[in-house]
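Notes follow once the structure below has been shown.
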Amino acid sequence: MTHPETTQGPAAQQKIDTSVPHSARIWNYWLGGKDNYPVDEEAGDAYTAVFPGIVTIARSSRAFLRRNITYLVAEAGIRQFLDVGTGLPTADNTHEVAQRIAPESRIVYVDNDPMVLTHARVLLYSAPEGATAYVDADVLEPDRILEAAARTLDLTRPVGLILSNILGHIPDYDQARSVVTRLMGALPSGSHLSVNDGSRGIDPVFERAQDAYNDSGAAPYVLRTVDQITSFFDGLELLEPGVVSVPLWRPEGASSGLEPIGEHGGLARKP
């Protein structure tokens, strides 16, 4: 296994703030990880006290991503991935899923949290046939992301762009769409876009819990309507079954009995 390359930015020099909860660390806590602080556990517990279903959403989101990547490698032949807003390493990271099927796969992870950067250096080992790299950048810096990614990926060949639970961190809807357009615009035909984010209109208890979290002083996360999430795929060819609640996207085994949750996503191909 080989160590990931790291492209550092301003966050690499920032001190980790353990006094304010952070979404990546809270998500890690909900997934059963240990890379978090008491403030994150307190915020996570406060959230689950209002809406215990957030743990199901976190785990369903991860399973959705795994099924997306499996399809992209095994059926679409994708061997390059740009995972923006990757969060803390946990089970079934993008490179692990991809390289189990195709060890030569190359993955670039992007995040701007110094704790994520530290863990990426230690944990994100690539198969020797492939490569992993880490870019310290904000999702609002698409040009910087693309420039850094090009050091590891061949952007003249198809890429799987992963935007998992990151666009909700861009409060302005038009700005979020602009980021997606800029990133996909730089990728060639045959590239794919995977998006999943928290959604409104399914569970009012979830919505109240998220609104309370956003009022707590932590970095806000905006739940969007299914139509808004679907619009991120404008100009692309949506794969069946389209944008759906994530447990319903090509589930493994029987789909009967699966209930929709407040997390929607889809996968699309650039023509």
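Filtering region 29-43 down to residues that are at pLDDT below 85 and out of contact with any Lys or Arg (no Cβ under 8 Å at 6 or more places or on another chain), which residue is surrounded by the most Cβ atoms within 10 Å (Cβ to Cβ)? That would be GLY33.
Matching residues to (1) closer than 21 Å to LEU193 by Cα; (2) of a type outside the set (D, E, K, R):
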{"site": "ILE69", "(1), (2)": "yes, yes"}
{"site": "ALA76", "(1), (2)": "yes, yes"}
{"site": "PHE81", "(1), (2)": "yes, yes"}
{"site": "THR86", "(1), (2)": "yes, yes"}
{"site": "GLU96", "(1), (2)": "yes, no"}
{"site": "GLN99", "(1), (2)": "yes, yes"}
{"site": "VAL116", "(1), (2)": "no, yes"}
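Looking only at region 165-176, residues that are touching a residue at least 40 places away in the same chain (Cβ under 8 Å) and surrounded by fewer than 23 Cβ atoms within 10 Å (Cβ to Cβ) come to 5 in all. THR152 meets all of the listed conditions (1) in contact (Cβ under 8 Å) with a residue 40 or more places away in the chain; (2) in a helix (DSSP H, G or I) but one, namely (2). Of all residues in region 66-96, those being at pLDDT 95 or above, surrounded by fewer than 22 Cβ atoms within 10 Å (Cβ to Cβ) and outside any loop (DSSP other than H, G, I, E, B) number 6. Kindly establish whether LEU187 is crowded, with 22+ Cβ neighbours inside 10 Å and out of contact with any Asp or Glu (no Cβ under 6 Å at 6 or more places or on another chain). In short, yes.
Close Cβ contacts (under 8 Å, 6 or more residues apart or on different chains) running from residues in region 232-246 that are touching a residue at least 40 places away in the same chain (Cβ under 8 Å) to residues that are among the small types (Gly, Ala, Ser) and in a helix (DSSP H, G or I) comprise PHE232/ALA176; VAL246/SER60; VAL246/SER61; VAL246/ALA63.
The values are calculated or read from the model by the stated rules, or taken from the named source; none is laboratory data. Keep in mind it's a predicted model, so treat the numbers as computed, not measured. As a convention, Cβ positions derive from the backbone with ideal geometry for all residues, glycine included, and neighbour counts pool all protein chains shown.
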